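The values are calculated or read from the model by the stated rules, or taken from the named source; none is laboratory data. All values reported here derive from a predicted model rather than from experimental measurement. Using ideal geometry, Cβ is built from the backbone for each residue, glycine included, and neighbour counts are taken over all protein chains shown.
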Amino acid sequence: MNSYDVIVVGAGPSGNVCARQLAKAGLKILVVEEHAAAGDFINCTGIIGTEAFEALDLPTEPIIASLGPLTFVSPSGKHFRYDPGKPLAHVVSRKRFDGALAGQAAQEGAQFRFDARARNLEVTADGIRLSFGEDEPPLTAECVVIATGFGTNLHLKAGLKNPPRIIYGAQSEVPMNGLSDTEIYLGKAVAPNSFAWVVPVGPQLARVGLTVTQHAPYHFDRFMRSASIQPRLLTGRWTMKLSPLPLGMIPKSYADRVLVVGEAAGQVKTTTQGGIYYGMLCAGFAADTLLKAFEQRDFSAHALRAYEREWRRKISPELKIGEHLRLLFSRLSDDQIDAFVELGTKGDAADLVRRIAKFDWHKDIIISSLRLPVLQELVRMGRF
């Protein structure tokens with residue numbers, strides 16, 4: 001008989017939410033985490049939409065700031081300010097947030113093992129075997145949930161594949177003046193085909209970062225020394241954190257006795273690279289699927305396929321539309337980006353944003369924006 005019903009690899013939000021739900025149902029759950037505690041060594045802005053807190057009953061104690069007005073800055077310095085009139089999202093301390101979710105899972109009966117890096121996964125007809133190194137005995141279970149974040153190779157051991165593309169996120173938390181709105185910077189010289197940000201997390205403290213497909217340290221250092229940022233910094237030194245992020249979904253997120261959730265599955269918004277909410281939603285689908293599998297004692301890929309159907313039904317349209325928008329954006333010149341930001345100041349565009357924009361769901365606003373008469377007019381004028 002296997003030692004555990006399910007081993008969850010990774011004590012991030014996705015892994016902890018899945019573990020909590022499975023343990024609450026009475027299964028014997030072990031969460032293994034390579035770091036000494038949940039939330040260690042995280043490179044994340046920590047922005048989670050308000051909808052997620054309501055839908056998933058998330059802990060609020062880790063909230064350190066709220067996201068309200070947004071100011072978009074074009075390559076030539078044009079500004080578009082959007083004030084939703086209420087918080088769009090909250091910014092959390094990831095260490096406290098991940099730790100709180102791990103605490104909830106532990107209260108339901110999930111066990112945790114830290115400082116344990118899973119190095120190999122074997123899937124047999126009788127269960128899974130997880131290895132940690134030559135001097136440590138392997139662990140066994142009926143099933144495994146891979147919730148490691150991006151960059152693991154465990155799912156490759158089960159015959160699964162990586163997301164199709166990679167983007168890199170670089171960020172630092174720095175003391176800074178002149179903070180009010182969250183600032184989004186666009187342009188080839190700032191973050192080619194992507195964007196940079198300044199997110200206030202205190203009266204004189206901000207998380208400053210960007211995502212790019214290559215040369216992230218170069219672009220990050222250039223942004224930090226730009227006229228928009230450097231004069232406001234209260235320090236001349238900063239520590240950059242750099243991490244790869246998936247851009248697109250993995251082709252298949254299930255196999256015999258194996259499910260992949262969160263960043264490891266590419267369950268990340270293709271517009272902003274935010275993945276906390278989507279990962280936790282999909283973790284719930286994974287738990288539901290596994291509970292049915294235990295009821296039927298069927299852990300085959302055929303039985304676990306229901307997980308993929310559910311999460312793709314929920315978020316795949318969002319990710320695909322986001323990919324199309326990113327492709328379109330990558331083809332814009334700086335002059336066209338200027339025109340796009342200027343478009344946001346037009347009455348009908350601003351009204352559309354206020355009426356239907358949602359922080360975590362971008363498909364409707366993207367499609368509706370492309371149909372705006374003012375955008376069509378810009379196309380006819382040759383500005384797009």
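For residues that are out of contact with any Pro (no Cβ under 8 Å at 6 or more places or on another chain) and within 17 Å of N43 (Cα to Cα), tally how many sit in the range 225-252. Going through the range 225-252 one residue at a time, the tally reaches 6. Just one of (1) over 21 Å from the mean Cα position of the chain (by Cα); (2) outside any loop (DSSP other than H, G, I, E, B); (3) aliphatic (A, V, I, L, M); (4) more than 30 Å from T124 (Cα to Cα) fails for A227. It is (2). Out of all the residues in the range 239-251, which are surrounded by fewer than 17 Cβ atoms within 10 Å (Cβ to Cβ), part of a loop (DSSP other than H, G, I, E, B) and touching a helix residue (DSSP H, G or I) at 6+ places or on another chain (Cβ under 7 Å)? If the condition is that a residue be surrounded by fewer than 17 Cβ atoms within 10 Å (Cβ to Cβ), part of a loop (DSSP other than H, G, I, E, B) and touching a helix residue (DSSP H, G or I) at 6+ places or on another chain (Cβ under 7 Å), then M240 is the only one that fits. Evaluation of G209 against the conditions (1) surrounded by 22 or more Cβ atoms within 10 Å (Cβ to Cβ); (2) without any contact (Cβ under 8 Å) to a residue 40 or more places away in the chain shows that the sole unmet condition is (2). On the basis of being outside the structural domain of N16 (by TED's automatic domain parsing) and either over 29 Å from A255 (Cα atoms) or modelled with pLDDT under 95 (or both), does K86 make the cut? Considered against the rule, which asks whether it is outside the structural domain of N16 (by TED's automatic domain parsing) and either over 29 Å from A255 (Cα atoms) or modelled with pLDDT under 95 (or both), K86 comes out as yes. For the range 325-344, the set of residues classified as within 26 Å of the chain's Cα centre (by Cα), surrounded by 15 or more Cβ atoms within 10 Å (Cβ to Cβ) and assigned to a helix (DSSP H, G or I) consists of L325, R326, F329, I337, F340, V341, listed by residue number.
Taking the criterion of being among the aromatic types (F, W, Y) and at pLDDT 95 or above, the residues of the range 292-340 that qualify are F294, F299, Y307, W311. Residues in the range 35-54 that are without any contact (Cβ under 8 Å) to a residue 40 or more places away in the chain and either under 14 Å from M280 (Cβ atoms) or touching a Pro at 6+ places or on another chain (Cβ under 9 Å) (or both) were compared, and the one that is surrounded by the fewest Cβ atoms within 10 Å (Cβ to Cβ) is E54. Residues in the range 145-197 that are among the aliphatic types (A, V, I, L, M), assigned to a strand (DSSP E or B) and over 24 Å from F299 (Cβ atoms): I166, I167, A170, V174, M176, I184, A196.
Kindly indicate which of V73, V32, V91 is over 30 Å from I229 (Cβ atoms) and surrounded by 15 or more Cβ atoms within 10 Å (Cβ to Cβ).
Answer to the selection: V32.
Of all the criteria given as (1) closer than 28 Å to L319 by Cα; (2) of a type outside the set (V, I, T); (3) outside the structural domain of G10 (by TED's automatic domain parsing); (4) at pLDDT below 95, the one not satisfied by W197 is (4).
I'd like to check something: does the range 46-61 contain any residue that is in a loop (DSSP other than H, G, I, E, B), among the small types (G, A, S) and modelled with pLDDT of 95 or more? Yes; the residues of the range 46-61 include at least one that is in a loop (DSSP other than H, G, I, E, B), among the small types (G, A, S) and modelled with pLDDT of 95 or more. Among the residues making up the range 12-43, a single one is part of a loop (DSSP other than H, G, I, E, B), under 15 Å from the mean Cα position of the chain (by Cα) and modelled with pLDDT of 95 or more: G12. Of the residues examined, I146 is one that is at pLDDT 95 or above, crowded, with 18+ Cβ neighbours inside 10 Å and touching a His at 6+ places or on another chain (Cβ under 8 Å).
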